[in-house]
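> Here's a structure for you.
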Amino acid sequence: MANPPQGIDALARAYGPHLNYEPSGGWAQAARPADRLVKTHCSFCGMQCGIQLKVRDEKVVGFEPWEEFPFNHGMLCPKGVKRYLQGDHPDRLLTSLVRTDQGFAPIGYNAALDLAARRLREVQEKYGPDAVAVYGGASMITEKAYVLGKFARVALGTKNIDYNGRLCMVSAGTAYRLTFGIDRATNPWPDLAVADVVLIAGSNTAECAPITTQYLWQCRERGGKLIVVDPRMTPITRNADLYLPVRPGTDLALFLAMLHVIVRDGLVKQEYLDAHTIGFDAVRASVAEWTLDRAAKITGVPAAGIEKAAHWIGGTDRAMGLHARGIEHHSKGVENCLAMINLFLATGNFGREGAGCMMITGQGNGQGGREHGQKCDQLPGMRSITDPEHREYIAGVWGVPPESLPGPGLSAAEIMEAIHRGEIKALFSMCFNPLVSLPDANFTREALAKLEFFAVIDFFLSETAHHADLVFCGSMHEEDEGVVCSAEGRVQKINKAVNPPGDARSDALIICDLANRLGKGQYFAYPSTREIFDELRVASKGGIADYYGITWERIEDELGVFWPCPEIGHPGTPRLFENGRFWHADGKAHLQVSEWRESGDPPDASFPLFLTTGRVVSQYLSGTQTRRIGPLVEQHPEPRIELHPRLADRHQIATGDWIRITTRRAAVVAQATVVRTIRPDTIFIPYHWPGRRSANLLTHRTLDPRSKIPEYKVSACRIEKVPPPADLDAWRLEETGWQPGAAPDGRRGA
Amino acid sequence: MNDGYEFFVDPSRCIGCRACVAACAECDTHRGVSMIHVDYIDRPNSIATSPTVCMHCVEPACALVCPADAIKQGEDGIVRSALKPRCIACSNCVLACPFGVPTVHIGPELMMKCDMCYDRTSAGLRPMCATVCPSQALTFGPAAVVARQRQAVPTRDFRFGAQHVKTKVFMMTAASAPVLAADVEDYMQKGPDGHEDWIIDEASLG
């Protein structure tokens with residue numbers, strides 16, 4: 001049984017979230033000079049901004065901008081500015097914990113290893129090797145992602161390992177693999193500044209990738225045009241030249257009609273297609289019936305706007321596309337991305353400065369975390385786990401027989417389904433908070449309760465970890481050394497600022513020690529993460545994500561190296577396809593046809609509105625870290641529901657009123673913000689919170705059949721006005737640690 | 001170093017992220033408290049936000065109305081926070097400032113405002129807010145570079161009715177740009193009756 005051992009109130013008192021507002025030692029200490037500045041990168045989001053952490057008395061106590069780092073030149077968002085407040089936090093776990101009848105109790109590291117090894121082995125002996133699943137994450141250094149994948153395949157021998165990037169950009173990754181043969185952003189970010197047209201689809205860029213803003217504003221200062229496709233006006237829309245308010249779940253129709261116009265009006269670059277691609281004839285035939293009128297009816301976007309967007313992209317050889325979760329989080333997320341890519345291939349917009357189409361990867365190591373073997377279908381270097389040559393190569397690097405490597409396993413959401421069905425009995429998880437981040441949270445909670453053994457590695461006790469039998473006390477971002485890969489494809493160095501406190505250990509060390517307890521220590525004898533990286537370089541050699549020529553020293557000297565980088569002397573590859581060659585064996589891009597289909601949770605008379613979910617600038621993912629940082633919580637203490645005044649008026653709802661959102665799965669109550677910046681048939685709620693305010697109570701478990709991404713961005717719902725919750729203050733405090741007016745900031749002004 | 005650098009505010013670039021607010025509060029002289037305001041202009045109708053920083057007036061109204069002579073202007077033109085021994089927290093400056101910048105802090109009973117990160121600028125660094133600002137709505141750099149890279153036009157002359165205020169800080173003003181309508185409905189497909197095209201008419205629920 002894996003229900004929480006105590007009520008949420010007791011767990012919250014012991015493990016937070018408590019809100020940290022001041023650096024270690026308080027502001028009184030702040031004037032004392034730092035002992036050192038450590039050049040590293042922010043722990044939040046795929047921008048991976050350069051930052052210097054200020055260390056005093058072996059604690060991270062502040063930051064200093066790192067203006068020399070070429071991506072962000074010292075720029076940071078509020079998450080980056082306040083990230084240091086997670087260090088020396090009162091909620092930081094200092095020992096490993098074991099569940100008892102009275103709650104969690106400290107347990108020694110060796111006893112924890114013994115317990116985990118014994119229980120994992122018992123489950124596998126009773127139910128088979130695949131009855132243990134492993135969850136990883138994309139906010140940790142690549143060395144950990146690599147060693148976790150090896151741990152699952154070699155130490156546990158389970159096929160069931162997957163990671164939370166499955167909830168992030170896998171639709172884009174799948175589409176890029178299908179079309180280009182490589183899964184990476186095609187251009188470095190400065191290319192955005194020199195494009196003539198940038199199409200942003202399904203990306204709240206200003207809040208989720210804030211540093212990208214400056215590149216986009218530079219583009220507009222040069223006279224470039226910005227097209228934004230989104231059911232909401234997000235902050236980046238304030239300077240859009242063309243805004244297309246697409247109905248949730250209909251991006252595909254918009255892209256197909258744009259290509260229809262490009263074909264109809266002779267804007268196709270046939271020479272480029274003939275020389276560098278295959279498959280366009282079928283794609284052209286598939287858009288013949290996607291007239292502007294048809295698309296306007298489905299998308300709710302006027303035909304003239306769709307036509308203008310197509311003309312702008314077809315009228316230049318410097319057009320770029322940016323997309324993110326808004327088009328990827330769909331049961332046709334892969335199709336959405338394929339259709340968007342096709343716009344840029346058909347117009348010859350690849351392989352040059354200012355021409356390309358790219359995803360904005362969301363998680364801190366969203367790119368690197370998906371390259372080296374914690375995906376259920378992949379081995380290091382973006383190798384395929386089903387390809388006999390790939391299996392043989394990796395087995396050789398690892399020193400194990402190829403036939404000992406498991407085959408492809410279940411994806412992240414499918415693992416939770418298999419736990420719910422009783423097929424997977426034990427779970428080992430790190431860097432993942434599925435109770436907040438997976439769809440249909442009540443289903444996730446039921447599944448977690450069925451586990452016979454559940455162990456996590458955590459540094460704060462996440463809501464998911466409340467269900468654990470055993471919590472290893474792991475390492476934070478600033479306590480490890482290794483690499484990440486940014487949204488640009490730039491491999492960067494994370495430097496260790498401080499040691500893990502108390503009885504906390506490096507996550508990688510915990511994994512290796514556990515492998516040793518499972519009798520596989522000889523495959524995990526790494527003195528440090530450096531030796532893991534050196535093995536990773538070899539494991540990636542010859543693969544798609546080839547890191548062989550990248551060393552920690554090169555990264556530091558060159559301020560990052562773009563993969564692929566197959567040899568030590570290789571300069572790296574900031575821009576893909578410059579010679580017209582794509583990554584498929586024939587060197588061509590393979591255009592794919594996208595068939596239209598409805599979303600998996602369609603509206604009807606009982607659920608007539610569209611619910612879409614997303615993020616706010618001051619919170620990161622499931623909030624495990626950022627919901628503990630006071631100034632970030634003050635900025636967005638709770639989820640607010642955005643709705644249009646025409647919808648609000650029907651229900652007599654004003655800003656600040658309480659609304660119940662009901663979907664086919666659950667209901668959530670939150671306060672309204674009535675704004676004209678969202679479609680009247682759509683409501684929006686951000687997803688960073690747990691418990692009763694979890695947006696993912698509402699979302700559904702329909703997956704894209706190829707990428708296995710859940711359809712977070714469109715659910716059918718209804719709304720009604722309700723009185724404020726009777727126990728409001730209590731549940732605010734329990735679930736968010738926040739009390740209105742409690743911040744240490746008293747002032748009066750104009 | 002930063003000789004010849006000037007401070008520019010371009011509200012049209014602001015994305016409301018409040019990185020400036022967060023960064024300002026890190027300053028050693030006013031720990032945990034920000035001297036910058038970021039406001040929605042009109043949230044019900046628009047996503048537009050705007051940062052407000054001290055404009056460092058050439059003839060600062062805050063200093064002119066201070067009965068305790070607590071607000072000083074340096075030779076560099078920077079108007080400093082109130083001197084702690086002199087400030088009587090009367091709020092005259094709060095009321096007088098045409099830009100709404102100073103705030104009086106209840107705890108220390110002290111008016112505090114931006115001094116353009118004197119600790120940083122005097123050491124050749126840029127002010128913290130303009131360093132971190134992801135949209136560069138707040139920028140600190142050479143005027144010639146800003147003129148080359150931006151379409152908006154800098155100004156430091158302001159008229160508030162009869163009052164003419166000159167400032168050290170520049171405000172970027174739109175050269176000429178069409179105004180984007182603010183209501184999503186204005187961009188949506190209209191049905192045959194001119195009504196916006198909802199997929200299902202919620203009113204039919206009764």
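> Restrict the check to region A:7-21 and report whether at least one residue is in a strand (DSSP E or B) and within 21 Å of A:I141 (Cβ to Cβ).
Initially, region A:7-21 is screened for residues in a strand (DSSP E or B), giving A:20.
Going one step further and asking which of them are within 21 Å of A:I141 (Cβ to Cβ), we end up with none.
The answer is no; no qualifying residue exists.
> Taking region A:660-675 as the region of interest, how many residues are in contact with a His (Cβ under 8 Å, 6 or more places away or on another chain) and either charged (D, E, K, R) or within 14 Å of another protein chain (Cβ to nearest Cβ) (or both)? Break it down stepwise before answering.
Start the filter on region A:660-675 by keeping residues that are in contact with a His (Cβ under 8 Å, 6 or more places away or on another chain), which leaves A:663-665, A:674-675.
From the residues that got through so far, the ones that are either charged (D, E, K, R) or within 14 Å of another protein chain (Cβ to nearest Cβ) (or both) too are A:664-665, A:674-675.
Number satisfying all stated conditions: 4.
> Let me ask something else. Residues in region A:385-400: is at least one touching a residue at least 60 places away in the same chain (Cβ under 8 Å), farther than 30 Å from A:K54 by Cα and in a loop (DSSP other than H, G, I, E, B)?
Applying the first criterion (touching a residue at least 60 places away in the same chain (Cβ under 8 Å)) to region A:385-400 yields A:390, A:393-394, A:397-400.
Subsequent filtering for residues that are farther than 30 Å from A:K54 by Cα retains A:390, A:393-394, A:397-400.
So of that shortlist, the ones also in a loop (DSSP other than H, G, I, E, B) come out as A:399-400.
Yes, that holds for at least one residue.
> Another question, if that's okay. All but one of (1) more than 14 Å from chain B (Cβ to nearest Cβ); (2) under 19 Å from the mean Cα position of the chain (by Cα) hold for A:Q619; state the number of the condition that does not hold.
Only one criterion in (1) more than 14 Å from chain B (Cβ to nearest Cβ); (2) under 19 Å from the mean Cα position of the chain (by Cα) is unmet by A:Q619, namely (1).
> Considering each of A:D281, A:D317 in turn, give the residue that is acidic (D, E) and outside any loop (DSSP other than H, G, I, E, B).
Numbers: A:D317 fails: outside any loop (DSSP other than H, G, I, E, B).
That would be A:D281, the only listed residue that is acidic (D, E) and outside any loop (DSSP other than H, G, I, E, B).
> Pairs only if they're at least six apart or on different chains, beta carbon under 7 angstrom, first in region A:1-21 and under 16 Å from A:L448 (Cβ atoms) and in contact (Cβ under 8 Å) with a residue 24 or more places away in the chain, second of a type in the set (S, T, N, Q) and not in a loop (DSSP other than H, G, I, E, B); list them, first residue then second.
What qualifies is A:P5/A:T100.
> Taking region B:116-160 on its own, how many of its residues are of a type outside the set (S, T, N, Q), more than 14 Å from chain A (Cβ to nearest Cβ) and over 21 Å from B:S50 (Cβ atoms)?
Adding up the residues that qualify gives 4.
> Quick one: how many residues across region A:401-424 are among the aliphatic types (A, V, I, L, M), part of a loop (DSSP other than H, G, I, E, B) and surrounded by 21 or more Cβ atoms within 10 Å (Cβ to Cβ)? Spell out the reasoning first.
Kept after step one, since they are among the aliphatic types (A, V, I, L, M), are these residues of region A:401-424: A:405, A:410, A:412-413, A:415-416, A:418-419, A:424.
If we keep only those that are part of a loop (DSSP other than H, G, I, E, B) too, we end up with A:405, A:410, A:424.
In the following step, the residues that additionally are surrounded by 21 or more Cβ atoms within 10 Å (Cβ to Cβ) were identified as A:410, A:424.
Result for region A:401-424: 2.
> Could you go through region A:254-267 and let me know if any residue there is out of contact with any Pro (no Cβ under 8 Å at 6 or more places or on another chain) and within 14 Å of chain B (Cβ to nearest Cβ).
First pass over region A:254-267, keeping only residues out of contact with any Pro (no Cβ under 8 Å at 6 or more places or on another chain): A:254-267.
Still in the list and also within 14 Å of chain B (Cβ to nearest Cβ): A:254, A:257.
Yes, the conditions are met somewhere in region A:254-267.
> Let me ask something else about it. Check whether at least one residue in region A:463-474 is under 25 Å from A:P686 (Cβ atoms), in a strand (DSSP E or B) and not assigned by TED's automatic domain parsing to the domain that holds A:E58, and report yes or no.
Residues of region A:463-474 under 25 Å from A:P686 (Cβ atoms): A:463-467.
Checking which are in a strand (DSSP E or B) leaves us with none.
Checked against the condition, which is being under 25 Å from A:P686 (Cβ atoms), in a strand (DSSP E or B) and not assigned by TED's automatic domain parsing to the domain that holds A:E58, region A:463-474 yields no hits at all.
> Ok, one more. Quick one: which residue in A:L76, A:L85 is within 14 Å of chain B (Cβ to nearest Cβ) and part of a loop (DSSP other than H, G, I, E, B)?
On the way: A:L85 fails: part of a loop (DSSP other than H, G, I, E, B).
The unique qualifying residue is A:L76.
> Could I ask something else about it? From A:E553, A:E463, A:E446, A:E531, grab the single residue that is acidic (D, E) and surrounded by 24 or more Cβ atoms within 10 Å (Cβ to Cβ).
Details: A:E553 fails: surrounded by 24 or more Cβ atoms within 10 Å (Cβ to Cβ); A:E446 fails: surrounded by 24 or more Cβ atoms within 10 Å (Cβ to Cβ); A:E531 fails: surrounded by 24 or more Cβ atoms within 10 Å (Cβ to Cβ).
The match here is A:E463.
> Ok, one more. What number of residues in region A:584-616 are part of a loop (DSSP other than H, G, I, E, B), among the small types (G, A, S), more than 10 Å from every other protein chain (Cβ to nearest Cβ) and on the phi < 0 side of the Ramachandran plot?
Our first condition is that a residue be part of a loop (DSSP other than H, G, I, E, B); within region A:584-616, this holds for A:584-588, A:591-608, A:615-616.
So of that shortlist, the ones also among the small types (G, A, S) come out as A:585, A:587, A:594, A:599-600, A:605-606.
Keeping just the survivors that are more than 10 Å from every other protein chain (Cβ to nearest Cβ) gives A:585, A:587, A:594, A:599-600.
Among the residues that remain, those that are also on the phi < 0 side of the Ramachandran plot are: A:585, A:594, A:599-600.
So the count comes out to 4.
> Do you know which residues across region A:50-73 are facing chain B (nearest Cβ under 9 Å), in contact with a Pro (Cβ under 9 Å, 6 or more places away or on another chain), surrounded by 20 or more Cβ atoms within 10 Å (Cβ to Cβ) and not small (G, A, S)?
Selection gives A:N72 alone.
> If you scan region B:56-101, which residues turn out to be within 18 Å of B:Q163 (Cα to Cα), under 21 Å from the mean Cα position of the chain (by Cα), within 14 Å of another protein chain (Cβ to nearest Cβ) and in a loop (DSSP other than H, G, I, E, B)?
B:C97, B:P98, B:F99, B:G100, B:V101
> Condition first: within 30 Å of A:V334 (Cα to Cα) and in a loop (DSSP other than H, G, I, E, B). Now tell me which residues in region A:711-735 satisfy that.
A:E711, A:Y712, A:K713, A:V714, listed by residue number.
> Tell me, please, whether a residue that is assigned to a loop (DSSP other than H, G, I, E, B), of a type in the set (V, I, T) and at pLDDT 95 or above can be found in region A:45-54.
Going residue by residue through region A:45-54, those that are assigned to a loop (DSSP other than H, G, I, E, B) are A:45-49.
Applying the additional criterion that residues be of a type in the set (V, I, T) yields none.
No - not one qualifying residue is present in region A:45-54.
> Continuing with this model, one more query. Which residue, of A:Q652, A:Q671, is within 18 Å of A:K721 (Cα to Cα) and part of a loop (DSSP other than H, G, I, E, B)? Quick ask: steps written out before the conclusion?
Values: A:Q671 fails: part of a loop (DSSP other than H, G, I, E, B).
Answer to the selection: A:Q652.
> Shifting gears a bit: Across region B:150-167, what is the total count of residues that are touching a Cys at 6+ places or on another chain (Cβ under 6 Å) and among the polar types (S, T, N, Q)? Walk me through it before giving the result.
Our first condition is that a residue be touching a Cys at 6+ places or on another chain (Cβ under 6 Å); within region B:150-167, this holds for B:165, B:167.
Next, from what is left, pick out any that are among the polar types (S, T, N, Q): B:167.
Going through region B:150-167 one residue at a time, the tally reaches 1.
> Kindly provide the set of residues from region A:181-190 that are touching a Phe, Trp or Tyr at 6+ places or on another chain (Cβ under 6 Å) and more than 15 Å from A:R383 (Cα to Cα), ordered by number.
Answer for region A:181-190, where residues must be touching a Phe, Trp or Tyr at 6+ places or on another chain (Cβ under 6 Å) and more than 15 Å from A:R383 (Cα to Cα): just A:W189.
> So, one more: Quick check on my filter: what residues within region B:105-155 are surrounded by 17 or more Cβ atoms within 10 Å (Cβ to Cβ), farther than 30 Å from A:V194 by Cα and either in contact (Cβ under 8 Å) with a residue 40 or more places away in the chain or not aliphatic (A, V, I, L, M) (or both)?
First, the residues of region B:105-155 that are surrounded by 17 or more Cβ atoms within 10 Å (Cβ to Cβ): B:105, B:110-118, B:120-121, B:125-141, B:146, B:150, B:152, B:154.
From what is left, the residues that are farther than 30 Å from A:V194 by Cα are B:105, B:110-118, B:120-121.
Passing the criteria: B:H105, B:M111, B:M112, B:K113, B:C114, B:D115, B:M116, B:C117, B:Y118, B:R120, B:T121.
So that you can scan it fast, the table gives a plain yes or no per residue for (1) within 21 Å of A:D557 (Cα to Cα); (2) touching a Leu at 6+ places or on another chain (Cβ under 9 Å):
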site: A:N3; (1), (2): no, yes
site: A:A30; (1), (2): no, no
site: A:K39; (1), (2): yes, yes
site: A:N72; (1), (2): yes, no
site: A:L76; (1), (2): no, no
site: A:P90; (1), (2): no, no
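> Next question, about the same structure. Only one of A:T179, A:T158, A:T213 is part of a loop (DSSP other than H, G, I, E, B) and either in contact with a strand residue (DSSP E or B) (Cβ under 7 Å, 6 or more places away or on another chain) or crowded, with 24+ Cβ neighbours inside 10 Å (or both); which?
Details: A:T179 fails: part of a loop (DSSP other than H, G, I, E, B); A:T213 fails: part of a loop (DSSP other than H, G, I, E, B).
The conditions single out A:T158.
> Continuing with the same structure: Go through (1) assigned to a helix (DSSP H, G or I); (2) under 27 Å from A:Q48 (Cα atoms) for A:V498 and report which single condition fails.
(1)
> Could you please tell me which pairs satisfy a Cβ distance under 6 Å, a separation of 6+ or placement on different chains, a first residue in region A:410-433 that is closer than 14 Å to A:T464 by Cα, and a second residue that is assigned to a strand (DSSP E or B) and small (G, A, S)?
A:L427/A:A133; A:F428/A:A455
> Here is a follow-up. Hey, can you tell me all the residues within region A:388-422 that are acidic (D, E) and under 27 Å from the mean Cα position of the chain (by Cα)? Explain how you work it out, then say what you get.
At the first step, the residues of region A:388-422 found to be acidic (D, E) are A:389, A:392, A:403, A:414, A:417.
A:E414, A:E417, listed by residue number.
> Okay, next question. Looking at A:P23, A:P4, which is the one that is buried (at least 20 other Cβ atoms within 10 Å of the Cβ), at pLDDT below 95 and more than 25 Å from the chain's Cα centre (by Cα)? Write out each step before concluding.
Details: A:P4 fails: buried (at least 20 other Cβ atoms within 10 Å of the Cβ).
Answer to the selection: A:P23.
> Considering only residues of region A:622-648 that are under 27 Å from A:R247 (Cβ atoms) and not in a helix (DSSP H, G or I), which is nearest to the other protein chains (Cβ to nearest Cβ)? Can you show your working first?
Here is the first cut: in region A:622-648, the ones under 27 Å from A:R247 (Cβ atoms) are A:636, A:639-648.
Filter again for not in a helix (DSSP H, G or I), leaving A:636, A:639-644.
Working: A:H636: 10, A:P639: 16, A:R640: 11, A:I641: 14, A:E642: 10, A:L643: 11, A:H644: 7 Å.
The qualifying residue nearest to the other protein chains (Cβ to nearest Cβ) is A:H644.
> Right, something else. For region A:437-448, give me the residue count where each residue is in a helix (DSSP H, G or I), farther than 25 Å from A:I510 by Cα and in contact (Cβ under 8 Å) with a residue 24 or more places away in the chain.
Residues of region A:437-448 that are in a helix (DSSP H, G or I), as a first pass: A:437, A:441-448.
Narrowing the set further to residues that are farther than 25 Å from A:I510 by Cα leaves A:441-447.
Subsequent filtering for residues that are in contact (Cβ under 8 Å) with a residue 24 or more places away in the chain retains A:441-444, A:446-447.
Adding up the residues that qualify gives 6.
> Of all residues in region B:14-44, which are at pLDDT 95 or above and polar (S, T, N, Q)?
none
The values are calculated or read from the model by the stated rules, or taken from the named source; none is laboratory data. Just so it is clear, the structure is predicted and the values come from calculations on it, not from any experiment. Using ideal geometry, Cβ is built from the backbone for each residue, glycine included, and neighbour counts are taken over all protein chains shown.
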